[in-house]
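Take a look at the structure set out below.
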Amino acid sequence: MQKRALAVQDISCVGRCSLTVALPVLSAAGVNTAIVPTALLSTHTGEFTGYTHLDLSDQLLPIARHLATLGLHYDAFYSGYLASSAQVDQVLEMMDLLLDERTHVFVDPAFGDRGRMYSLMDAQIPAQMRRLCSRAATVTPNLTEAAYLLDVPYPGDRASREVVTDLCRGLCDLGPENVVITDVSFDPGYTGVAVYRRGMEEPAFLCHERFPHMFHGTGDVFASFLLGALLNGMSLEAAAALALRLTHLSIRLTLQGGEPLRYGLRFEQALGPYIDKLGVAKP
Ligand code: PXL
């Protein structure tokens, strides 16, 4: 049976993040993906000015109520960037209307990076996102979001293994079984992810070379590759390793292509290797 996911994130018309990444990546993973846009922006909010922003909060529950009449089962619920902290309330209500006990709740609490919150985020977002994370089976914060969620100082570019292990445990204590923290770096030359399942002594640390640039939408590319692999039955560790490898490939292709980095990652050419690895093309 084909898997079905429901992705609840913004549409940024230009800039390759959120739904414009989640939809193609999950489709490549063979997942039938329904989308509910949380906001409509002309671009993402990093490195652009003058962007438009339409908060779609008042649409979420009418959409969810109609979808609920269809009686569909969603194998995964995938939330990402939200229009505001208040919107978490509507997302939680949507979940009550649409999910069942077999739905894998996957929350990418996309609200900050490099020690700061994104420009449109308000002071309530960490507390509200914590509520959403507590309903999740899997969360994928970056190091900035992990620190905000647990209300501890941002460990910065050179976190220690102990601090990252504590963050993983703390996030598990909120509710999720699986925690993957991105943007974890112990060494200036490398960056990667910490992969932790409840009960592990310490996370597995996976890394690749680090580039001295800011790549927008990287968290969205990684999380989407990760979820698609999980829905194809891969273990958390194997899925995270594949997602990291393909994110790294996308970064290298982006740098080779020479397009300004604010236009997001060139993940399109990583879709072929992804499909091959998952065996999606096999009938
Ligand atoms: O990639 C995260 C993201 C998603 N959506 C919007 C954003 C950002 C990060 O800046 O601004 C609108």
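Summary table
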| read-out | value |
| --- | --- |
| Exposed GluC sites (Glu not before Pro) absent: longest stretch of the chain, with sites in DSSP loops and at most 12 other Cβ within 10 Å deemed exposed | 1-100 |
| Most positive-pole-ward Cα, Ser160, Ala127, Gly80, against dipole of region 66-186 from beta carbon charges | Ser160 |
| Residue order for Lys282, Lys277, Lys3 - accessible surface, 1.4 angstrom probe, largest first | Lys282, Lys277, Lys3 |
| Among Met200, Met121, Met95: highest mean-square fluctuation, GNM of the chain, C-alpha pairs under 10 Å | Met200 |
| Within the chain: Cβ-based charge dipole about Cα centre, in debye rounded to nearest 20 (Lys, Arg +1; Asp, Glu -1) | 600 |
| The chain shape via C-alpha gyration tensor axes, a/c threshold 1.5 | rounded |
| Relative contact order (percent, whole number), the chain, Cα cutoff 8 Å, 6+ residue spacing | 17 |
| Accessible area (Å², per residue) of the chain, counting only protein heavy atoms and a probe of 1.4 Å | 43 |
| Heavy-atom accessible area order for Met234, Met129, Met1, largest first, 1.4 Å probe | Met1, Met234, Met129 |
| In Å², nearest 10: area of Phe205 left accessible to a 1.4 Å probe | 50 |
| Axial C-alpha extent at least 27 Å, average Kyte-Doolittle at least 0.0 - helices from the chain (DSSP) | 236-257 |
| Leu40/His66 FRET efficiency (R0 22 Å; Cβ-Cβ; nearest 0.05) | 0.70 |
| Accessible area of Leu231 in the full protein assembly, 1.4 Å probe (Å², nearest 10) | 20 |
| Formal net charge of residues neighbouring Asn178 (Cβ-Cβ distance under 12 Å; K, R +1; D, E -1) | 0 |
| Over region 133-279, relative contact order from alpha-carbon pairs under 8 Å, at least 6 apart, % | 17 |
| Local electrostatic count at Thr218 - Lys and Arg +1, Asp and Glu -1, tallied over other residues with Cβ under 11 Å | -2 |
| Most fluctuating residue given options Ala240, Ala123, Ala137, as computed from a GNM of the chain linking Cα atoms under 10 Å | Ala123 |
| Whole-number percent relative contact order across region 150-224, with pairs defined as alpha carbons under 8 Å at least 6 apart | 23 |
| Residue among Phe215, Cys172, Ser27 farthest towards the positive dipole end of the chain, charges placed on Cβ | Ser27 |
| Accessible carbon and sulfur surface of the chain relative to its total accessible area, %, 1.4 Å | 52 |
| Accessible area, probe 1.4 Å, largest first, for residues Ile11, Ile35 | Ile35, Ile11 |
| Charge tally in the Cβ shell below 14 Å around Gln124, where Lys, Arg are +1 and Asp, Glu are -1, Gln124 excluded | -1 |
| The chain: most fluctuating residue of Asp96, Asp55, Asp113 per GNM, C-alpha cutoff 10 Å | Asp96 |
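The values are calculated or read from the model by the stated rules, or taken from the named source; none is laboratory data. Keep in mind that what you see is a predicted model, and the values were worked out from it rather than measured. We place every Cβ from the backbone using ideal geometry, glycine too, and count neighbours over all the protein chains shown. Ligands, DNA and RNA are stripped out before the accessible areas are found, and what is left, the full protein with its side chains, is counted by its heavy atoms. Shrake-Rupley method; radii C 1.70, N 1.55, O 1.52, S 1.80 Å.
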